[in-house]
Amino acid sequence: MQNHENPTPKSRVYLDHNATTPHSPALKAKWMEFIEISGNPSSIHQDSRIPKTILRETRQKISDLLSCSPLEIIFNSGASEGNSSVLKSAFNTLKETRNEFLVSQVEHPSIIKTAEYLISQGAVVHFIPVSKSGMIDMNFIRSKLSHKTALVSVMYANNETGTVFPIKEITELAHAQGALMHSDCVQLLGKAEVAFKELGVDYATFSAHKFYGLKGTGFCYVKKSTPWVPLVHGGGQERGRRGGTENVLGLAALNVVLDEIKNCGPKISEMKRLRDLMESKILSDISNVSITAKEGQRLTNTSSLVIDDVDGETLLMSLDLKFYSVSTGAACSSGNPEPSPVLLAMGLTRAEAQSSLRISLGWGTTEEQVVNFVNTLNEVVTKLREINLEEKKKENVG
Amino acid sequence: MLDNQTKPKSKGRVLVAMSGGVDSSVAAALLVEQGYEVIGATMQVWDYSTCDITEGNGTCCSSIDVDDARSVADKINIPFYVLNCEAKFKASVIDPFINAYLNGQTPLPCVNCNTYLKFDHLVKKMKELDCDYLATGHYAQIVYDENNHAHIKTSTDDWKDQTYFLFTIDPQIVSKLLFPIGHLKKPQVREIAEAKGLVVAKKKDSTGICFVGNKGYDNFIKEQVSSKILSTKKGQLKRYPTGEVMAEHEGIHLYTIGQSKGLGMTYHEKLFVLKIDADTNTVWVGDEKDLYSNEVEVIEPHWLSEVTDGSEYEVKIRYQHKASKAIVEKTERGIRLKFEEPQRAVAPGQAAVLYKNQKLIGGGWITLN
């Protein structure tokens, strides 16, 4: 029997914070209190008072954080809803005069698939290339922008590589042509400190579960006087912009988490220290590893590795069995383990994309976890490479 | 949670191939009960994105089956992974399957799936995931001889026995294999699934070829192969032995040896497909008595145990075939089998598999020439 006595951690170590984050400890502490809240915020009787307050306070906190008006915030189920709503709003209101869209090639499927849908409805979509080093093609944007452009949509940062895009510059280009600007900002809050207002965008989309809140809770920033068509029609909630009884508990949870977001600067710095420590240890301990888009500006918590001669899927399983949660690409595409379309779009080869591993740290990640992780990664990579070598030898003999 | 002192020591780590069917689900559940550390894996072998979601019932490779395998894994509380094997499955199972039909043979895709996926790809995964064993839900048994060598033996369920599909297994890995349900009969397997509350307990048995489903292999081939290529397979039905042309046919891929229905012609007596000549696209039809042959040529053999020239073995020439006695004569390309009793409808492309006292000795591919 083989030896399974490798030092595995006592409990699972979560290093997949770009997929989702654990609930914040402050939120967990409040949970039993929240579960008592069951009123409908739209009711007239007094049971609606607390839910109404939660909505108002949470909306106010978001507008403080983003330096915008509370009226510019629409609550929804998360960024996939937000992204679909934004693209369809721009198309449905502007299609007679402007029916062209610019969308980066590395956007989330909720953008790419909506764009493909708009193409089927008669829109023209230009997909903006992103290089292997993570640079977005600004010349492409300049060349395709025109008086026919309805909307430009570029994410704040890419979920797989952590690459941060120059949203402010792109917004200026878009606005100069009278086009609207949207940014999928799911990887912003809790991972970067940005003066949001300076980005200048007309739309931005957020999901609470990416920053220690609950799944199914999100919001959309829609600048005053910007076109909007509701995706869900209903009872007039969100000033008629999004029907359906509000997700009161999700928003109560968001309210708690927003207090932590305000003061997360030191946490972001610590994630950067640990990520850099991790990367330098990986590069020094393990041979033939490269870090995708390391040259450009990146989120402080994300590391996308290409580990030569190792299958990312097998590596993920091996690490999982040793209690480490990491990812090979976007979580949405696992279960159907094809190489990541984002990495392929960035010009990685199929082999490189299949040898990719994404590690994304969080507020709770410790130095001990990171160091042990790299040691385990080294051990697993060594073993997998040995097996690959044996197999190749066998094939050559056979 | 058990602490380290009371937790029983694992009997080893096992990777179990879970198709989402009742057999492999029970195999996994039994291993857990026996004290192994079990990891479940399903090979995704076909792109189901365009499939009708109601198609999954009773076949072993639809996405609904992946969901079933996952829910069984959850129920018995083991880690579970989906392995993407689509490209490998297409290259080593689907393409040869189609080519065999286009060349007038009767393919046996389950053997290729075992050769190139279950007992190759998964063996590699077993090593990579630090597992001691690989388990499947096959109706087959592992037995050890006096020298402690592992052998494959037929299942106690004669009707379900699947050792016929296992003759290409590398003898080196037999000691690494576990067939947890091989000593059971199908009704017992269902009872265990029921008792353990597995969602698959009442699921239909997979019948036929998993990727073909209910549409039939001729429709499958029509979907996969261009009509231009299929039109080159048209030819004549000829009467054996006179050579009289009976009819034109739409393609040799629509015929298998022994077939008597749907020949595309009418005749006053019942005729059978005796031989398919791929070079001339001729399908030979004739009397049932001419379907029988005593000698069978076998090529590309794989042996799990030593085979003795001139000895008698029990031989199966198709899956649902009652093994018949034959003397083995070694040839340059493999073996020649001389059957005691004449065999009906020996089909090129199928396997001839040898046994001695229920022990799987090996086998090879039946050929005409």
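The values are calculated or read from the model by the stated rules, or taken from the named source; none is laboratory data. Just so we're clear, the structure is a prediction, and the values are computed from it rather than from any experiment. Neighbour counts run over all protein chains shown; Cβ positions are idealised from the backbone, glycine included. These accessible areas exclude ligands, DNA and RNA; they are computed on the full protein's heavy atoms, side chains included. Shrake-Rupley method; radii C 1.70, N 1.55, O 1.52, S 1.80 Å.
Per-structure values
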item: Unmet requirement for B:Asn281, which otherwise passes all of (1) closer than 20 Å to B:Thr232 by Cα; (2) open to solvent by less than 40 Å² (accessible area, probe 1.4 Å); (3) at pLDDT below 95; result: (3)
item: So B:Val93, is it open to solvent by less than 20 Å² (accessible area, probe 1.4 Å) and within 14 Å of chain A (Cβ to nearest Cβ); result: no
item: Filtered residue count, the stretch B:76-90, keeping only those that are in a helix (DSSP H, G or I), within 12 Å of chain A (Cβ to nearest Cβ) and not hydrophobic (A, V, I, L, M, F, W, C); result: 1
item: Count of the stretch B:295-317 residues which are under 26 Å from B:His138 (Cβ atoms) and free of Cβ contacts under 8 Å to residues at least 60 places away in the same chain; result: 6
item: Residue tally, condition open to solvent by 40 Å² or more (accessible area, probe 1.4 Å) and within 14 Å of chain B (Cβ to nearest Cβ), over the stretch A:351-398; result: 15
item: Options B:Ala352, B:Ala345, B:Ala326; residue that is at pLDDT below 95 and buried (at least 16 other Cβ atoms within 10 Å of the Cβ); result: B:Ala345
item: Search result, residues across the stretch B:148-161 that are open to solvent by 60 Å² or more (accessible area, probe 1.4 Å) and not in a loop (DSSP other than H, G, I, E, B); result: B:Lys153
item: Which listed residue, of B:Leu166, B:Leu117, is modelled with pLDDT of 95 or more, out of contact with any Gly (no Cβ under 7 Å at 6 or more places or on another chain) and either open to solvent by less than 30 Å² (accessible area, probe 1.4 Å) or among the basic types (Lys, Arg) (or both); result: B:Leu166
item: Failed condition for B:Asp47, given (1) modelled with pLDDT of 90 or more; (2) within 14 Å of chain A (Cβ to nearest Cβ); result: (1)
item: Yes/no for B:Asp145 being free of Cβ contacts under 8 Å to residues at least 12 places away in the same chain, touching a strand residue (DSSP E or B) at 6+ places or on another chain (Cβ under 8 Å) and open to solvent by 10 Å² or more (accessible area, probe 1.4 Å); result: yes
item: Pair list, Cβ < 9 Å and 6+ apart or interchain, from the stretch B:32-44 residues that are away from chain A (no Cβ under 12 Å) and outside any strand (DSSP E or B) to residues that are of a type in the set (A, V, I, L, M, F, W, C) and open to solvent by less than 40 Å² (accessible area, probe 1.4 Å); result: B:Val32/B:Val38; B:Val32/B:Ile76; B:Val32/B:Ile78; B:Glu33/B:Ile76
item: Count - residues of the stretch B:257-277 that are surrounded by fewer than 20 Cβ atoms within 10 Å (Cβ to Cβ) and β-branched (Val, Ile, Thr); result: 1
item: Residue check, A:Ala79 of a type in the set (Gly, Ala, Ser), at negative phi and touching a Cys at 6+ places or on another chain (Cβ under 9 Å); result: yes
item: Any hit, the stretch A:54-66, residues being touching a residue at least 12 places away in the same chain (Cβ under 8 Å) and within 14 Å of chain B (Cβ to nearest Cβ); result: no
item: Of residues in the stretch A:290-310 being surrounded by fewer than 20 Cβ atoms within 10 Å (Cβ to Cβ) and either closer than 26 Å to B:Lys124 by Cβ or within 14 Å of another protein chain (Cβ to nearest Cβ) (or both), the one nearest to the chain's Cα centre (by Cα); result: A:Ser290
item: Residue match in the stretch A:315-328 (condition: charged (D, E, K, R) and within 14 Å of chain B (Cβ to nearest Cβ)); result: yes
item: Long-range neighbours under 6 Å by Cβ, at least six apart or interchain, first residue in a loop (DSSP other than H, G, I, E, B) and open to solvent by 30 Å² or more (accessible area, probe 1.4 Å) within the stretch B:3-29, second modelled with pLDDT under 95 and β-branched (Val, Ile, Thr); result: none
item: Pair list, Cβ < 8 Å and 6+ apart or interchain, from the stretch A:151-167 residues that are of a type in the set (Lys, Arg) to residues that are open to solvent by less than 10 Å² (accessible area, probe 1.4 Å); result: none
item: Wholly within the stretch B:186-235, helices (runs of 4 or more DSSP H) carrying at least 1 residues that are hydroxyl-bearing (Ser, Thr, Tyr) and under 30 Å from B:Asp74 (Cβ atoms); result: none
item: Residues within the stretch B:130-179 that are among the hydrophobic types (A, V, I, L, M, F, W, C) and either under 17 Å from B:Tyr116 (Cβ atoms) or within 14 Å of chain A (Cβ to nearest Cβ) (or both), tallied; result: 9
item: Test: residue in the stretch A:80-87 that is under 18 Å from the mean Cα position of the chain (by Cα) and either free of Cβ contacts under 8 Å to residues at least 40 places away in the same chain or open to solvent by 40 Å² or more (accessible area, probe 1.4 Å) (or both); result: yes
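The rows are residues; the columns are (1) of a type in the set (Lys, Arg); (2) within 18 Å of A:Val256 (Cα to Cα); (3) open to solvent by 70 Å² or more (accessible area, probe 1.4 Å); (4) assigned to a loop (DSSP other than H, G, I, E, B).
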site	(1), (2), (3), (4)
A:Lys10	yes, no, yes, yes
A:Trp31	no, yes, yes, no
A:Asp47	no, no, yes, no
A:Arg59	yes, yes, no, no
A:Leu65	no, yes, no, no
